[in-house]
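The values are calculated or read from the model by the stated rules, or taken from the named source; none is laboratory data. Since this is a predicted model, take the numbers as computed values, not measurements. Quick reminder, even Gly has a Cβ in these numbers, built from the backbone with ideal geometry, and neighbours come from all protein chains shown. In case anyone asks, the SASA skips ligands and DNA or RNA and just uses the protein heavy atoms, side chains included. Shrake-Rupley method; radii C 1.70, N 1.55, O 1.52, S 1.80 Å.
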Amino acid sequence: MDEPFAVQTALMYMQARTTRQVSADDDRERHLLERVARGERDAFDEVFRTYHPLLFRFVFKMTASYRLADEVANDILLIVWQTAAKFRGDSKVSTWIFGIAYRQSLRRLGKRRLPTVPLFDSAAVDEQSATRIEREDWVRQAIALLPPKQRLTIMLVYYLGLTCEEAAKVSDVPVSTVKTRMFHARRKLRGHLGDQL
Amino acid sequence: MNKQLAHAEHDDISMLLPWYANGTLDDAERERVDAHLDSCGQCTEELQLCVEMLNATMSDGAIPIPPAASAAAIIARDEQRPAFGFLRDRRVQRLAATLAAVGLLIVLGFMQFFPTQQPNQSFTAVTGTGGASSVDYVLELQFGVSVTQAARSRVLEELGGTARPANEDEGTYAVVISLPPQSLSELEQRAAELAARDEIETAEFVALQVPVR
């Protein structure tokens, strides 16, 4: 029996693969993207199932907006559908898709000041967990105060788990720039966090 | 290891810490970082911050699942795109504006070098030629078919200037008249007055001759 649509979507998200699992399967992904370039809908559906959960979470973490995250994740995949034939094959498919995600996110972040959102309910957790979660929350809010390029680089490295070279390729900058962005982000973060650490 | 080299190694390792934290360093680099961390309290603290940043970005608890996500919806959106939807792209709009501006400049440049012979523009140019005292206008006159040669000569004599038959059988003459610079409306008025005469069928100023200085 077919599952209801919402259940299918929830399952898709629960079973979503990690970025590293995605990157590790590049040969399969290249073949898939070739089929997408030929307009094969079932191939695009597979790309969608693999990447939408990752992209949605990636953008949601950057924007703290459910609506915007959905919109941007869909925009990114629309670009993949429309321009799959332009993939030159000189990088991993995942790097190419995250490159689109990086540019789309940067474009949207430039126009938007991030809200700081309380992300946990302190009444629902024990004291030790509360302290840990509280510290995480401080760090998360301090990250939200960083300039968009530093914030996006943090997401590429920590959330998507990219290597320095991959992050450089996605951002279309030299490796040294990625390292410098991460270094300055850390220094600024210390400044924002001040006594909290 | 001397002090300078140790400092350079410290800076280098400090830059690698985010990738040590996310587990993507190769074996050799990881061993290098491990060795440095054993003796560097500052980098150990920095690594702790990197791990906290990683945990803060990785924690997914509060992220909702979008209910309406589907590949089919995206393809449908692509198919519903208007045929000229690309015109809404700002880059396309900027390119179009640039091309229009370049086109306009080319046209204006062309007109500068090859002015058209439209009376309106020519007359404007004439009135702006630094106050030429007189301009030779070419008037095309057509007499009525029944107007005698004598009557034609009389009219042409009244007008002054030099007349040259364009087609004598049809009664058409080109008359060059020297006048102070005229506006288009003055010339039209003058032509209309001539055309109102019984002997003349049509009168029209068709060209001018700018005096050569």
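Return the residues of the range A:67-87 that are of a type in the set (Asp, Glu) and either touching a residue at least 12 places away in the same chain (Cβ under 8 Å) or crowded, with 20+ Cβ neighbours inside 10 Å (or both); say none if nothing qualifies.
Across the range A:67-87, the qualifying residues are A:ASP70, A:ASP75.
Can you pull out the residues in the range A:138-197 that are of a type in the set (Lys, Arg) and within 8 Å of chain B (Cβ to nearest Cβ)?
A:ARG140, A:LYS179, A:ARG186, A:ARG190, listed by residue number.
On the given criteria, is A:PHE60 surrounded by fewer than 20 Cβ atoms within 10 Å (Cβ to Cβ), at pLDDT below 85, under 22 Å from A:LEU189 (Cβ atoms) and in contact with a helix residue (DSSP H, G or I) (Cβ under 9 Å, 6 or more places away or on another chain)?
No: the conditions fail for A:PHE60.
Closer than 24 Å to B:SER134 by Cβ and charged (D, E, K, R) - does that describe any residue in the range B:162-173?
Taking every residue of the range B:162-173 in turn, at least one turns out to be closer than 24 Å to B:SER134 by Cβ and charged (D, E, K, R).
Residues being at pLDDT 90 or above and either open to solvent by 40 Å² or more (accessible area, probe 1.4 Å) or of a type in the set (Ser, Thr, Tyr) (or both): count how many of those fall in the range A:140-161.
2
Identify the single condition in (1) open to solvent by 30 Å² or more (accessible area, probe 1.4 Å); (2) modelled with pLDDT of 85 or more; (3) charged (D, E, K, R) that A:ASP126 does not satisfy, given that it satisfies every other one.
That leaves (2) as the condition not met.
Condition test on A:LEU189, is it at negative phi and touching a Phe, Trp or Tyr at 6+ places or on another chain (Cβ under 8 Å)?
no
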